[in-house]
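Colleague: Can you read through this structure? Questions will come right after.
The values are calculated or read from the model by the stated rules, or taken from the named source; none is laboratory data. Fair warning: this is a prediction, and the values are worked out from it, not measured in the lab. Note: ideal-geometry Cβ built from the backbone for every residue, glycine included; neighbour counts use all protein chains shown.
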Amino acid sequence: MNQQIKAAAETYAAAAYGEALELLRTLGRIPAPSHQEDRRAAFCRDWLLEQGTEDVTIDGAKNVVCKIGCEDHRDLIVFAAHTDIVFPDTDPLPLREEDGRLFAPGIGDDTANLVNLLMGAKYLLRRKPRTQYGILIVCNACEEGLGNLKGAKELFRVYGSRIKAFYSFDGDMPGCCSTAVGSHRYRISCKTTGGHSYSACGNPSAIEILCRLVGKLYDIPLPTQAKTTCNVGRIEGGTTINSIAQACSILYEYRSSSQQCLEIMEERFRQAVDSCRDRGGELSVELLGVRPGNGSVDPAALEALTRRSEEIISSFCNGEIKRSPGSTDSNIPLSLGIPANTIGTVKGSLAHTREEWIECASLRTGLGIALSLMLLYTEM
């Protein structure tokens with residue numbers, strides 16, 4: 001690793017730690033359910049304006065996009081962290097500090113990573129190093145759950161192939177994800193005439209039809225080109241024990257790190273549904289969300305990007321780096337053939353629970369990692 005970059009990042013992270021922690025205390029209280037990130041987005045935009053940017057906007061997907069050096073370069077490098085959290089709260093979030101830890105819903109996923117993104121952006125805005133590419137600092141919306149990566153999709157719709165590399169700050173240290181796990185999610189519903197369980201015996205049952213379908217879905221042969229999974233996560237229907245169910249629905253998904261495998265699963269899923277359409281019920285399929293898997297990324301370019309990331313992570317963290325597949329904002333560039341990494345810049349636990357926490361001191365280490373990655377694209 002470039003020792004000049006590391007020294008600059010370490011010095012700044014140490015000096016900025018108190019400010020970063022205070023920013024996390026403030027940002028961590030702002031609610032941000034997927035599709036309702038407006039307050040966090042406005043806060044991030046205004047904060048970046050205070051740091052001296054003259055080019056920051058909130059787009060139609062509620063992404064906060066701050067441009068640095070883009071007037072001098074067509075090619076772009078993106079550094080992003082998502083603003084949304086999994087919790088539906090719209091009132092200020094509960095936050096407490098105890099024994100060197102901050103506790104709050106969403107504090108690690110992804111609020112602390114978002115803070116390190118912002119603090120890294122502040123360094124670039126204040127110090128103004130000459131950049132080798134245009135840099136986009138993106139506080140993006142709708143990463144979680146049924147947000148379906150809406151923010152990242154909009155970013156690539158607008159900037160497309162101008163983006164040459166993408167970094168998402170998300171997850172825990174020392175993690176680096178370079179493989180996208182894609183998914184398709186559905187709600188399948190069935191309606192029938194129903195009736196009394198005795199006098200109308202023989203009428204089609206929505207529950208029976210969908211139970212047959214569930215069996216067929218689990219009997220689908222899974223592609224073997226890459227790890228592929230499927231799951232029925234919920235089933236609901238019927239009214240009472242002595243009524244033939246008029247309505248029933250299931251939630252179903254399949255996942256894979258291969259886009260080809262996802263396409264194979266879609267065809268087999270449709271065939272399974274069609275095979276149950278002659279059972280006397282009305283079947284409907286609602287697509288709830290699509291996350292693409294890996295596309296045709298140049299393996300050498302992706303490996304080079306990932307090795308540079310891991311070299312920086314290793315210089316700040318002890319222990320083996322976790323290189324594991326994941327479903328993150330990096331799914332979008334990877335599906336488009338653009339090298340991307342998702343990198344954790346915080347330590348904590350209990351993500352996606354209301355007891356989630358982060359180690360306050362890890363902000364300093366994570367900011368060093370985030371800023372070092374940014375400085376790779378400057379003339380330092």
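Colleague: Just checking, does the range 310-326 include any residue being aliphatic (A, V, I, L, M), more than 24 Å from Leu367 (Cβ to Cβ), over 14 Å from the mean Cα position of the chain (by Cα) and not in a strand (DSSP E or B)?
Modeller: The answer is no; no qualifying residue exists.
Colleague: Can you find even one residue in the range 86-101 that is at pLDDT 95 or above and crowded, with 24+ Cβ neighbours inside 10 Å?
Modeller: For the range 86-101, residues at pLDDT 95 or above and crowded, with 24+ Cβ neighbours inside 10 Å: absent.
Colleague: Something else: Could you please give the count of residues in the range 350-380 that are part of a loop (DSSP other than H, G, I, E, B) and of a type outside the set (Ser, Thr, Tyr)?
Modeller: Here the count works out to 11.
Colleague: Considering every residue within the range 127-135, establish whether at least one is more than 22 Å from Ser335 (Cβ to Cβ) and part of a helix (DSSP H, G or I).
Modeller: yes
Here is a yes/no grid of residues against (1) outside any loop (DSSP other than H, G, I, E, B); (2) buried (at least 21 other Cβ atoms within 10 Å of the Cβ); (3) assigned by TED's automatic domain parsing to the domain that holds Arg308:
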position: Glu10; (1), (2), (3): yes, no, yes
position: Leu24; (1), (2), (3): yes, yes, yes
position: Arg40; (1), (2), (3): yes, yes, yes
position: Phe43; (1), (2), (3): yes, no, yes
position: Val65; (1), (2), (3): yes, yes, yes
position: Cys70; (1), (2), (3): no, no, yes
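Colleague: Quick one: which of Ser205, Ser197 is more than 22 Å from Gly289 (Cα to Cα), among the small types (Gly, Ala, Ser) and surrounded by 19 or more Cβ atoms within 10 Å (Cβ to Cβ)?
Modeller: On inspection, the qualifying residue turns out to be Ser205.
Colleague: Just to be sure before I move on: is Val290 at pLDDT below 95, of a type outside the set (Gly, Ala, Ser) and outside any loop (DSSP other than H, G, I, E, B) in the structure I sent?
Modeller: So Val290 passes the test.
Colleague: Can you tell which of Gly368, Gly326, Gly319 is modelled with pLDDT of 95 or more and assigned by TED's automatic domain parsing to the domain that holds Thr111?
Modeller: Matching residue, one of Gly368, Gly326, Gly319: Gly368.
Colleague: When you look at Ala121, is it under 24 Å from Leu375 (Cα atoms) and either out of contact with any strand residue (DSSP E or B) (no Cβ under 8 Å at 6 or more places or on another chain) or buried (at least 23 other Cβ atoms within 10 Å of the Cβ) (or both), yes or no?
Modeller: Considered against the rule, which asks whether it is under 24 Å from Leu375 (Cα atoms) and either out of contact with any strand residue (DSSP E or B) (no Cβ under 8 Å at 6 or more places or on another chain) or buried (at least 23 other Cβ atoms within 10 Å of the Cβ) (or both), Ala121 comes out as yes.
Colleague: What are the residue pairs meeting all of these: first residue in the range 326-339, first residue surrounded by fewer than 23 Cβ atoms within 10 Å (Cβ to Cβ), second residue of a type in the set (Ser, Thr, Tyr), Cβ atoms under 7 Å, and 6 or more apart or on different chains?
Modeller: Gly326/Thr342; Ser327/Ser183; Gly337/Ser296
Colleague: Looking at (1) surrounded by fewer than 18 Cβ atoms within 10 Å (Cβ to Cβ); (2) closer than 20 Å to Arg185 by Cα, find the lone condition where Asn242 falls short.
Modeller: Tallying (1) surrounded by fewer than 18 Cβ atoms within 10 Å (Cβ to Cβ); (2) closer than 20 Å to Arg185 by Cα, Asn242 fails exactly one: (2).
Colleague: Residue under question is Cys176, and the condition is that it be of a type outside the set (Phe, Trp, Tyr) and in a strand (DSSP E or B); does it hold?
Modeller: For Cys176, the condition - of a type outside the set (Phe, Trp, Tyr) and in a strand (DSSP E or B) - is met.
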